[in-house]
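My questions all concern the structure below.
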Amino acid sequence: MPLTYIEIEKQKTWRIGMLFILLLFLYFLVVMSLIQGILIFFPFIFLRDGFTIFWGNPLYVITVLGFSLVCAAIHFWFSASAAVEHVTKNLEAVPPDPDDGIHRRLLNIVDEIHVVTGSRQKIACIVIPSLSMNALAVSDLKGNAAIAITEGLLSRLSRSQTEAVLAHEAAHILSGDCLEASVATSLFGMYAAMLEKLQAIGEEEFHRGLHPAFFPLWMLVKLSSMLSMFISREREYRADAASVRMTRNPLAMAEALQIISRNWRGSGIIAGGLEMLCIINPREVMRDESEGFWANLMSTHPPIRKRIRILLRMVHVRIEEFERTLRAGEETAEAMNASQPLYYALNGRQQWQGPYDLPQLSALPWLSPHTWIKSGKEKAAERASEDPAVSPIFTARLSKESQNLSTFQCPICRQSLIQIPYEKTRVYQCSFCKGALVESGKIPRIIARREKQCEERLRLLAEAVASDNQRKIVFKRAGKSGGSAKAHLTCAQCGHPMLRTFYSLAYLIEIDRCGLCNITWFDAEELEMLQCLIDNKLTAKLDFSGSGHENTGS
């Protein structure tokens, strides 16, 4: 077992050289086979007995060998020098989001590892958008290196456990043993991913053998599995030990391995050809959990239980006690989750996100009172403003934004309205839906004042809304459906239903008016549109003369 980086570097160079020789041998066989195929069908190309001339003349062998050497060198360089890019594209990995709290923690840990190791090589970190749990390291001949971690693992691990995993992967990169695995993956393993995608497209034809193009890919995949003979299991033990040296926390590394091993590791997401790069094999293979000559020869990952046992010896903890403690922690977490429900929220792309606890939910920048949320399996989805535990989140935001909170509540968002100046008077606006509550007596003075300019966009919008409302009136009087009726809003002062009506038949802007409290509610931009119609004398003229109805003007 090599113990020094000098020995590791020697083995790395030897193994990479062997990979190139293997690649050269493959190209030599392919070119020879092609020439032999040509000789069989066109023997006159090489005079008479093509087979005898071919093997009997050393010039042909040297020519084929030279051509194969050029092809192998080109293949080797373009594959091995862009291994990081190839793996990133295959996994559809993305850089961490600096606005995301969990991703910011990832960036901070990588920076700390870079400082601790003192390495000049900058290690990038990328996130695989998958709920599976795994991590991998990749590097290439250009000196690029990256640590990829799945979204599921990043979200489930604690900070200390994440540190241990990232330190493990960084150890692979800094020691150099990651390079040989990356080169092997880029040369042959990437074809496994290609084959899996082709098989997914036409699985029935694949099993029937109707795709001859699958055969060379299948041969390369089998070859990539044989490359595990070049990738020693000992590299994982060394990386575990290096992680402990960097973090001084063997227990965190053991916990991380246990969590990964008991969950979905990414089989189906992480292609089979990339397994030698991962901290744990994405596929559950019995050979990985066994020992002996054949297992050591054909498996790139040692038994997980043995890795955990070695780590626990450093802190003098028995594995039975360790597993019992983890089970107790999981039961406690489940009990806490039962008492503190987790929420799912529907984002702007109509995708359910989560689960989030209440603090995580409150930190979502796109959460609004209108956002659909749900918690628990039996509880139906509802607006965030309707949940008594979530609604205070918006009240807290309002208290931070303004001190001018009123006693009025938005009839849509159920949040306090803020008093704002408008046309030298006072109205009450909702910070979330931007609707406005106005005392009915103030509406004429607001409309009479012209400090607020009517923009072209607002004028066109007002005309479109007025025309649409005119169509609704025509359909209604003709006895036809004019669209679904809007539910009545509740008055922000007295709690009674408000009347949904037009400001006038000349200016067809819908408003909600409470006759008891003499207040009017305008949805977002309805007040501005009303001003724009009146200032520009854009009246709606309903012509019902042919239908026996009256003509309504201003």
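The values are calculated or read from the model by the stated rules, or taken from the named source; none is laboratory data. The structure displayed is predicted, hence computed values, not measured ones. Using ideal geometry, Cβ is built from the backbone for each residue, glycine included, and neighbour counts are taken over all protein chains shown. SASA here: full protein model, heavy atoms, side chains in, ligands and nucleic acids out. Shrake-Rupley method; radii C 1.70, N 1.55, O 1.52, S 1.80 Å.
Label residue 449 and residue 426 with points 7 Å out from Cα along Cα→Cβ: what is the distance between them in nm?
1.3
To continue, here is another question. In what sequence, largest accessible area first, do 390, 474 appear using a 1.4 Å probe?
474, 390
So, taking all protein chains as they sit and a 1.4 Å probe, how much accessible area belongs to residue 510, in Å² rounded to tens?
50
Largest first, how would 472, 442 line up by accessible area (1.4 Å probe)?
Listed by decreasing accessible area, they come as 472, 442.
With all protein chains present and a 1.4 Å probe, how do 451, 321, 180 order by accessible area, largest first?
The ordering from most to least exposed comes out as 451, 321, 180.
Using a 1.4 Å probe on the protein heavy atoms only, what accessible surface does residue 366 show? Give it in Å² to the nearest 10.
Only protein atoms counted, so the area is about 90 Å².
I've got another one for you. So what's the net charge close to residue 185: Lys and Arg +1, Asp and Glu -1, counting the other residues with Cβ under 12 Å from its Cβ?
Around residue 185, the surrounding residues sum to -3.
Sticking with this one: Quick check on my link table: of 89/142; 442/472; 89/122; 472/537; 89/374, which ones sit more than 24 Å apart, alpha carbon to alpha carbon?
Where the Cα-Cα span goes over 24 Å, the pairs concerned are 442/472; 89/374.
Accessible area of residue 501, 1.4 Å probe, to the nearest 10 Å²?
We get 40 Å² for residue 501.
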